[in-house]
Amino acid sequence: MSHFSIACSLFVLHSALWAPNAFANWFVSQDVFTLAHQKLLEGKTNESFGAMVQAWQQSPNIEQQNNLNDLIQLAITEDCGRSLDTTALPPWLSTLVIQREMVQNQNQVLPRLVITGTSEQRITNIDFIRWPEQSILSATPKTDKGGYFSLETKRLEKASSEGLYQIIISADGEESYKTWVILTRPQNKQRIGWVDSQNWRIERNGLPDKVCPSPVLSMNIYDLNDTSWTPLWTENVDGKLPTTLPDIDLPDGRYWLSVGIIHSRWQGEIAVRDIQSITRPVEHSEM
């Protein structure tokens with residue numbers, strides 16, 4: 001399918017989301033790629049998502065991958081992804097967040113993946129696998145008070161790619177929770193960059209997405225000598241995003257500053273966050 005054909009198909013699909021039965025007989029092919037388009041056209045977002053999972057399992061070529069990425073991006077515009085998957089989290093798993101971050105320091109861009117959540121049971125292991133068998137994460141997460149757990153990996157090469165993943169969460173005394181996750185293609189352009197140690201620039205990214213939360217700017221300052229990387233100061237701002245640090249009351253010293261733009265969506269009850277962040281060391285006198 002050419003890029004022109006893909007664009008035309010998506011235009012028809014976007015229009016049809018508000019009239020789901022208008023073109024019910026438009027498709028005649030029976031393959032899963034066509035089925036994914038057809039179900040979205042009919043307003044059956046969850047069935048479309050299931051067909052997308054099957055399509056990714058068939059090792060799609062580059063153009064098919066591009067088409068699938070465009071299709072799930074379109075499906076998300078219905079209600080920010082809440083209708084993609086109707087499967088509920090298990091009773092012992094209250095929340096689940098998959099966070100993909102592109103961290104730009106002064107020399108390179110490093111992808112990072114973080115999985116967090118809250119559970120009534122102790123989480124014994126989390127597996128995050130890029131289909132069919134590339135293990136991205138497989139470890140026991142850190143657990144804090146209130147059942148909050150967190151697991152992350154750094155310096156990934158492929159975890160930021162679009163495509164099909166499987167997450168498996170094991171907990172004490174419970175049947176493992178297993179589900180498919182489709183990640184969209186990350187933005188290929190860095191929207192945020194340094195002007196100097198106190199200021200940064202943020203490029204506009206077209207019209208705002210009205211069905212998803214507004215982007216959030218997260219600012220964090222760390223002690224360079226604290227290997228736990230617990231923030232000494234943090235502030236999150238939505239709406240009009242600042243491009244400079246506010247006044248901060250910290251002792252004199254050298255710190256590590258991280259600033260990131262957070263975009264949030266859902267896959268059913270799973271929260272999915274994409275973050276572009278920039279980091280650099282700073283002197284307190286500069287802040």
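The values are calculated or read from the model by the stated rules, or taken from the named source; none is laboratory data. Everything quoted here is computed from the prediction, not taken from an experiment. Cβ sites come from the backbone with ideal geometry, for glycine too, and all protein chains shown count toward neighbours. Just the protein is used for accessible areas: all its heavy atoms, side chains included, with ligands, DNA and RNA removed. Shrake-Rupley method; radii C 1.70, N 1.55, O 1.52, S 1.80 Å.
Contact map, the stretch 135-159: first residue at negative phi and modelled with pLDDT of 90 or more, second residue β-branched (Val, Ile, Thr) and open to solvent by 90 Å² or more (accessible area, probe 1.4 Å), Cβ cut-off under 7 Å, separation 6 or more or different chains; the map is empty. Look at residue 214 and say whether it is touching a strand residue (DSSP E or B) at 6+ places or on another chain (Cβ under 8 Å), without any contact (Cβ under 8 Å) to a residue 40 or more places away in the chain, in a loop (DSSP other than H, G, I, E, B) and open to solvent by less than 80 Å² (accessible area, probe 1.4 Å). Here the answer is yes, as residue 214 does meet what is asked. Going through the stretch 228-243 one residue at a time, which ones are in a strand (DSSP E or B), open to solvent by 40 Å² or more (accessible area, probe 1.4 Å) and under 27 Å from residue 204 (Cβ atoms)? Across the stretch 228-243, the qualifying residues are 234, 235, 236, 238.
Evaluation of residue 225 against the conditions (1) loosely packed, with under 11 Cβ neighbours inside 10 Å; (2) in contact with a Pro (Cβ under 7 Å, 6 or more places away or on another chain); (3) of a type outside the set (Asp, Glu) shows that the sole unmet condition is (2). Of all the listed residues (112, 82), the sole one being in a loop (DSSP other than H, G, I, E, B) and among the charged types (D, E, K, R) is 82. If the condition is being at pLDDT 95 or above and either buried (at least 17 other Cβ atoms within 10 Å of the Cβ) or β-branched (Val, Ile, Thr) (or both), then the stretch 41-60 contributes 45, 48, 49, 50, 51, 52, 53, 55, 56.
Does residue 280 meet the test of being assigned to a strand (DSSP E or B), open to solvent by 40 Å² or more (accessible area, probe 1.4 Å) and over 30 Å from residue 81 (Cβ atoms)? For residue 280, the condition - assigned to a strand (DSSP E or B), open to solvent by 40 Å² or more (accessible area, probe 1.4 Å) and over 30 Å from residue 81 (Cβ atoms) - is met.
The residues of the stretch 164-199 that are polar (S, T, N, Q), surrounded by fewer than 16 Cβ atoms within 10 Å (Cβ to Cβ) and within 21 Å of residue 85 (Cβ to Cβ) amount to a single one, 176.
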